[in-house]
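The structure under discussion appears below in the form of structure tokens.
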Amino acid sequence: MRQDTTNIAFFASGRGSNAEAILENIHLGNIVAKPVLLITNNSKAEVLKHAEFFKVPWYHISNQTHPNEEKRVRFMLELLSFYDTDLLILAGYMKKIPNEIIEAYPNKIINIHPALLPKFGGKGMYGLNVHKAVIDSEEKITGATVHIVTDEYDQGRILAQQSIEIEEGDTPESLQKKVLKIEHTLFSKVIQDIISKKIELEK
Ligand code: GAR
């Protein structure tokens, strides 16, 4: 990372409430960084409103815009490099990160997952599916995990977790709401801890 500022890029697919919370915290100075780029695979994603509001350049890159996978990945890498990305934040990105990107940004890609990993992670475990699985397994607690992205789904080093109790009557939808609320503070805190070196990322 350069000494001056940390350039943050986002990958996001949908509602974008995590991206919004992080952008808001950057704006408020709670995260000392510059949001330089947002890539979405969904041209209708709500997250684009937040990118527009905070004047973050965004690009729609999907298998529709770039049917050829090699070209698609190359374009993503070119953008990440053009915008001098230091940290790549996955804020509800529902696609697997290509290995070439993981190799180009080792220990620099951070994801938030709406459960307490290593439980309830892996392929297919995203969004409401996660909370359904948690309810079905009669867990007593759940929460959110921020972790480094590696080539295996949800397997990278855990940087921070926060838990909440599951109450009687909770549904996947109610859990999603409660967990999302903690995601919004946890993710920003971890990002600033990385920037201030309170959390060290391996080189
Ligand atoms: C968040 O709950 C995030 O943890 C989850 O998707 C949601 C995105 O919400 N991510 C995953 O499930 C990744 N496996 P948002 O678009 O409002 O930030």
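If I stretch the segment between Lys123 and Glu173 completely, what's the gain in nm (0.36 nm per residue apart, minus their alpha carbon distance), one decimal? Mind dumping the intermediate values first?
Values: separation 50, 0.36 × 50 = 18.00 nm, distance 2.03 nm.
So the extension gain works out to 16.0 nm.
Given the Cα-Cα distance of Gln155 and Gln64 and 0.36 nm per residue of separation, how much length would full extension add, in nm?
Details: separation 91, 0.36 × 91 = 32.76 nm, distance 2.88 nm.
Full extension of this stretch gives 29.9 nm more.
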Inset, instruction - For segment 20-119, count the residues as N, evaluate 2.2 N^0.38 Å, and divide the Cα radius of gyration by that value, please. - result: 1.10
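Among the listed pairs Lys132/Lys189; Lys119/Lys203; Lys49/Lys197; Lys140/Lys189; Lys71/Lys189; Lys132/Lys203, which are separated by more than 29 Å between their Cα atoms? Walk me through the intermediate numbers first.
On the way: Lys132/Lys189 27 Å; Lys119/Lys203 27 Å; Lys49/Lys197 31 Å; Lys140/Lys189 25 Å; Lys71/Lys189 35 Å; Lys132/Lys203 37 Å.
Pairs exceeding the cut-off: Lys49/Lys197; Lys71/Lys189; Lys132/Lys203.
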Legend entry - Per-pair calculated FRET efficiency, R0 = 25 Å: Phe54 and Thr185 via Cβ, rounded to 0.05: 0.85
Legend entry - Dipole moment magnitude, nearest 20 debye, segment 34-115 about Cα centre, only Lys, Arg, Asp, Glu C-beta charged: 220
Legend entry - Acute angle (nearest 10 degrees) that the helix 17-28 long axis makes with the longest principal axis of the chain, alpha-carbon atoms: 60
Legend entry - Range of Cα positions in the chain per principal axis (Å), largest first: 49, 39, 33
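Give the shape of segment 115-194 as rounded, prolate or oblate, defined through the alpha-carbon gyration tensor: a ≥ b ≥ c are the square roots of its eigenvalues, a/c under 1.5 means rounded, and otherwise the shape is prolate if a/b is larger than b/c and oblate if not. Mind showing how you got there, number by number?
Working: a/c = 2.19, a/b = 1.35, b/c = 1.62.
Judged from the Cα gyration tensor, segment 115-194 comes out oblate (a/c at least 1.5, b/c at or above a/b).
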Inset, instruction - Compare the Cα positions of Gln64, Met76, Phe53 along the charge dipole of segment 50-89 (+1 at Cβ of Lys, Arg; -1 at Cβ of Asp, Glu; about the Cα centre) and return the one farthest towards the positive end. - result: Gln64
Legend entry - Share, in percent, of DSSP beta bridges within the chain that are antiparallel, nearest 5: 40
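Rule-based calculations on the coordinates, nothing more; no lab input. Since this is a predicted model, take the numbers as computed values, not measurements. Cβ atoms come from the backbone with ideal geometry, glycine included; neighbour counts cover every protein chain shown.
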